[in-house]
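Undergrad: Before I ask anything, let me first share the structure, which is written out below as structure tokens.
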Amino acid sequence: MSVDKATVAKIASLARIAMSDAELERMVPELNGILNWVEQLGEVDVTGVEPMTAVIPNHLRLRDDVVNADPLTGGGKRDAVLANAPAAEHGFFGVPKVIE
Amino acid sequence: MLAPVTDLTSLGVKAIRDGVVSGDFTAREVAEAFNGAVAEASALNAFIVTTPDHALAAAEAIDARRAQGEPLGTMGGVPIGMKDLFATKGVQTTAASHILEGFKPEYESTVSQKLWDAGAGMLGKLNLDQFAMGSSNETSYFGNVSSPWRKAGANAAMSPGGSSGGSSASIAARIAPAATGTDTGGSIRQPAAFAGISGIKPTYGRCSRWGVVAFASSLDQAGPMARSVEDCAIMLEAMAGFDPKDATSLDMPVPNWEASLNADLRGKRIGIPREYRMDGTDAAILESWEQGKAWLRDAGAEIVDIGLPHTKYALPAYYIIAPAEASSNLARYDGVRYGLRDLPERAGLQDMYAATRAAGFGDEVKRRVLIGTYVLSAGFYDAYYTQAQKIRALVARDFEQAWATCDAILAPTTPTASFPLGSLDADPLTMYLNDVFAVPASLAGLPAMSVPAMLNADGLPLGLQIVGKPFDEQGVLDAGLAIQQRAGFEARPERWW
């Protein structure tokens, strides 16, 4: 499979990365080079093989159902959460208007 | 007796720790010596920010504890470099990306906190490939890192490897005795090999990922880089351990790797994977591999031939899985919560996202996010992503079957020695091939280490890689120690910076 400029533009839009025409043009052969190279995976017989989801056998834990079980990641951290926001207003994240 | 300050920078982790304990020098003297060496080495561009005050404060705390007769910790008095992928409270953490420029975390990563708790101090935040995506340290927003090594008789700036290139360069240049690294598909081992130092990626889950900027979460694993196997063992012990804040953290005790080091390999079988003998592999690399076999045999190990039949598919599978996870992980950089915001005039929310990410991500990051988005998109998911996950299972099965006939595996770390910065720019694929020997162990989550073997004809270091069974860091470190003792690698780059 290979991608054309329109497909790359669609992927870039899905990935929310603005790209100029020139950037899209440059990206097409680069992505096709990589995609053509990974095509070789199609030649492997994977009959009966389950896709790997956990590399080392491990059980998923639930944390204790306790408020602020770990104070570091618990609640009451509004100012710390907002400390690096490019625009924090009135204790919230500020964003451009999203309704007309 | 006080050692001259200039000598202190030639010491490693163990020598510094033990010297501080016995009073040969103070932790403050060590921190001052390394702070000075860092300040003089800006030509390497190994650090994004330096934190001499952090190193001094940690050192003074150690000296005060010693005066009180208190224990100093397993890393007591050792100033280290911190790869700028670990969140450090109040200290800029960027992942070498413009999109995180100015980001000062409100919290400390688990791994860095453990190192401070063990008595270490921080010299600064080390440069790396942007979001750890790269094998040459040429994708950083903050500029390339130069290796301290150069080809004999040449002046071209060489790659320190990547993504932990600031880590490898600073250790090889003796401006840091040790540093943290992270390894997603070779990012500890390949730069260690290029710089003539040691580095170990432990079993997936040994070191907490909490507070480490995420690249590909099913592969990312932190580990130490230093100039000896002993120093790696000491530092890994300080970094590892269960952390409830990381869902994939291993709930297992941390072994006493340092105390158990044993280079006597009698009774051990070392596997040589025949598939790693690839076309185009440098003759000197193959020669170092032969030498490595002889060293391990000399240490008492039996060398056995093994097969890892899906080796050639590991790298292409990795270049589906890692970008897929990256495209998902990097969705968080939206210009809203932290980091860069680019808000063009009259732009709406969606335009702000797209403009922010366009301005904030470098070319290699964009390439991987696009590949990841494509392979996860409707209609292509099964053909690419599910197929790659099945092949990942086969790569892991190859290793499981190999453990029936061997205890550890010896292979080259890289297919070539370091190359000049800028020489592999033309095609991203050529760069990806650097990790062909490193990626299989990453896909299988196995502990793997690179140790320096020798210099090639150009005077550049070559590394040997040892891959072990899950949870058997000890076996990896022991084989590494056996090589270290026989290689006698003492070469160091001539100072030009």
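Undergrad: Provide the percentage of antiparallel DSSP beta bridges, counting only those with both residues in region B:1-155; round to the nearest 5.
TA: Details: 4 of 9 bridges.
Of the beta bridges lying entirely in region B:1-155, close to 45 percent run antiparallel.
Undergrad: Another question about this same structure. Could you let me know the centre-to-centre spacing of region B:24-101 and region B:159-182, using Cα atoms, in angstrom?
TA: 14 Å
Undergrad: Something else now. In the protein assembly as shown, if the dipole is taken from +1 on Lys/Arg beta carbons and -1 on Asp/Glu beta carbons about the Cα centre, which of B:Ser288, B:Ala247, B:Ala222 is farthest to the positive end?
TA: So the residue furthest toward the plus end is B:Ala247.
Undergrad: Now, a different point. Give or take rounding to whole Å, what are the principal axis extents of the alpha carbon atoms in chain A, in descending order?
TA: So the three principal-axis extents are 52, 46, 24 Å.
Undergrad: Please report the antiparallel percentage of the DSSP beta bridges confined to chain B, to the nearest 5. List each step's numbers first, then the result.
TA: On the way: 29 of 42 bridges.
Beta bridges within chain B, antiparallel portion: roughly 70 percent.
Undergrad: Taking each residue in B:240-247, count the Cβ atoms of any other chain within 10 Å of its Cβ, then average. What number comes out? Let's see the in-between values first.
TA: Numbers: counts 0, 0, 0, 0, 6, 4, 0, 4.
Mean shielding by partner chains, rounded to a whole number: 2.
Undergrad: Okay, helix-only estimate at 222 nm for chain A: each DSSP H run of n ≥ 4 adds -39500 (n - 2.57), divide by all residues, round to 500 deg cm²/dmol; what do you get?
TA: Values: 3 runs with 33 residues, N = 100.
For chain A, the value works out to -10000 deg cm²/dmol.
Undergrad: Ignore the peptide's own chain and count Cβ atoms of other chains within 10 Å of each Cβ in A:83-92; give me the average, rounded. Before the final figure, lay out each step's value.
TA: Values: counts 5, 10, 6, 12, 4, 2, 0, 0, 0, 0.
That works out to 4 on average.
Undergrad: Quick one: length gained pulling B:Glu106 to B:Lys89 fully straight, 0.36 nm per residue minus the C-alpha distance? Could the numbers behind the result be given before it?
TA: Details: separation 17, 0.36 × 17 = 6.12 nm, distance 0.52 nm.
Net length gain for the segment: 5.6 nm.
Undergrad: Starting from the amide H of B:Lys83, placed 1.01 Å from N in the peptide plane, find each other amide H under 5 Å away whose residue is 5 or more places distant or on another chain.
TA: B:Leu126, B:Thr180
Undergrad: Let me ask something additional. Please report the accessible area of A:Met19 (heavy atoms, 1.4 Å probe, ligands and nucleic acids excluded) in Å², nearest 10.
TA: Accessible area, nearest 10 Å²: 40 Å².
Undergrad: Moving on. With labels modelled as points extended 7 Å from the Cα through the Cβ direction, what inter-label distance (nm, one decimal) is found for A:Val81 paired with B:Ala259?
TA: Output for this residue pair reads 4.4 nm.
Undergrad: Taking each residue of A:40-49 in turn, how many C-beta atoms of other protein chains fall within 10 Å of its C-beta, and what is the average?
TA: Details: counts 5, 11, 3, 1, 10, 2, 7, 1, 1, 8.
Mean shielding by partner chains, rounded to a whole number: 5.
Undergrad: Accessible area per residue, 1.4 Å probe, Å², for chain B: what's the number? Mind dumping the intermediate values first?
TA: Working: 15920 Å² over 497 residues.
Here the residues of chain B average 32 Å² of exposed surface.
Undergrad: If I ignore ligands, DNA and RNA and count only protein heavy atoms, how much of B:Glu70 is accessible to a 1.4 Å probe, in Å² to the nearest 10?
TA: 90 Å²
Undergrad: Hey, what number do you get for chain B at 222 nm if only DSSP H runs of n ≥ 4 count, each worth -39500 (n - 2.57), divided across all residues, to the nearest 500? If you can, show how the numbers build up before the last one.
TA: Numbers: 17 runs with 183 residues, N = 497.
Taken over chain B, the calculation gives -11000 deg cm²/dmol.
Undergrad: Now a separate question. Roughly what % of Cα-Cα distances in region B:110-168 sit above 14 Å, to the whole percent?
TA: Details: 1019 of 1711 pairs.
Distances greater than 14 Å cover 60 percent of the Cα pairs.
Undergrad: Okay, moving on. Using per-residue counts of other Cβ atoms within 10 Å, averaged over each peptide, order B:417-428, B:223-234, B:159-170, B:205-216 from highest down. Can you show the working numbers first?
TA: On the way: B:417-428: 17.2, B:223-234: 27.8, B:159-170: 35.2, B:205-216: 24.2.
With the highest mean Cβ count within 10 Å placed first, the list reads B:159-170, B:223-234, B:205-216, B:417-428.
Undergrad: Taking the Cα atoms of chain B, what is the range of coordinates along each of the three principal axes, in descending order and whole Å?
TA: 67, 55, 50
Undergrad: Quick one: work out the % antiparallel among DSSP beta bridges in the protein assembly as shown, nearest 5.
TA: Antiparallel bridges: around 70 percent, rounded to the nearest 5.
Undergrad: Which value results for Rg/Rh of the protein assembly as shown when Rg is the Cα radius of gyration and Rh the Kirkwood radius based on the inverse mean 1/r? Don't skip to the answer; put the middle values down first.
TA: Details: Rg = 23.3 Å, Rh = 24.3 Å.
With Rg and the Kirkwood Rh in hand, the quotient comes to 0.96.
Undergrad: If I histogram all Cα-Cα distances within region B:179-224 using bins 10 Å wide from 0, what percent of pairs lands in each bin?
TA: Result, from short to long distances: 30, 57, 14 percent.
Undergrad: I've got another one for you. Over the Cα atoms of region B:231-324, how large are the radius of gyration and the largest Cα-Cα distance (Dmax), in Å?
TA: My reading of the Cα-based Rg and Dmax gives 18.1, 47 Å.
Undergrad: Tell me the volume per residue, in Å³, of the convex hull enclosing the alpha carbons of region B:378-497. Spell out each step's value before the answer.
TA: On the way: hull volume 19.0 nm³, N = 120.
Taking the convex hull of the Cα positions in region B:378-497, it is 158 Å³ per residue.
Undergrad: Please list 3J(HN,Hα) in residue order for region A:5-19, calculated via the Karplus relation 6.51 cos²θ - 1.76 cosθ + 1.60 where θ = phi - 60°; whole Hz, with x for glycine and proline.
TA: 4, 5, 5, 4, 4, 5, 4, 4, 5, 4, 7, 6, 10, 5, 9
Undergrad: Using alpha-carbon pairs under 8 Å, 6+ residues apart, how would you state the relative contact order of chain B in percent?
TA: Values: 1240 pairs, mean separation 86.8, N = 497.
So the answer I get is 17 percent.
Undergrad: Take the residue pairs B:Lys14/B:Lys83; B:Lys268/B:Lys312; B:Lys125/B:Lys469; B:Lys14/B:Lys201 and return only those whose Cα atoms are more than 25 Å apart.
TA: Details: B:Lys14/B:Lys83 21 Å; B:Lys268/B:Lys312 27 Å; B:Lys125/B:Lys469 32 Å; B:Lys14/B:Lys201 20 Å.
Over 25 Å Cα-Cα: B:Lys268/B:Lys312; B:Lys125/B:Lys469.
Undergrad: So how far, in whole Å, is the C-alpha centre of region B:299-318 from the one of region B:386-431?
TA: 9 Å
Undergrad: Specify which residue in the list B:Val451, B:Gly76, B:Val369 is farthest towards the positive end of the charge dipole of chain B, using unit charges on the beta carbon of Lys, Arg (+1) and Asp, Glu (-1), about the Cα centre.
TA: Selected residue: B:Val369.
The values are calculated or read from the model by the stated rules, or taken from the named source; none is laboratory data. What you see is a predicted model, and the numbers here were worked out from it, not measured in a lab. For neighbour counting, all protein chains shown are included, and Cβ atoms are generated from backbone atoms with ideal geometry for every residue, glycine included. Surface accessibility is based on the protein's heavy atoms, side chains included, excluding ligands, DNA and RNA. Shrake-Rupley method; radii C 1.70, N 1.55, O 1.52, S 1.80 Å.
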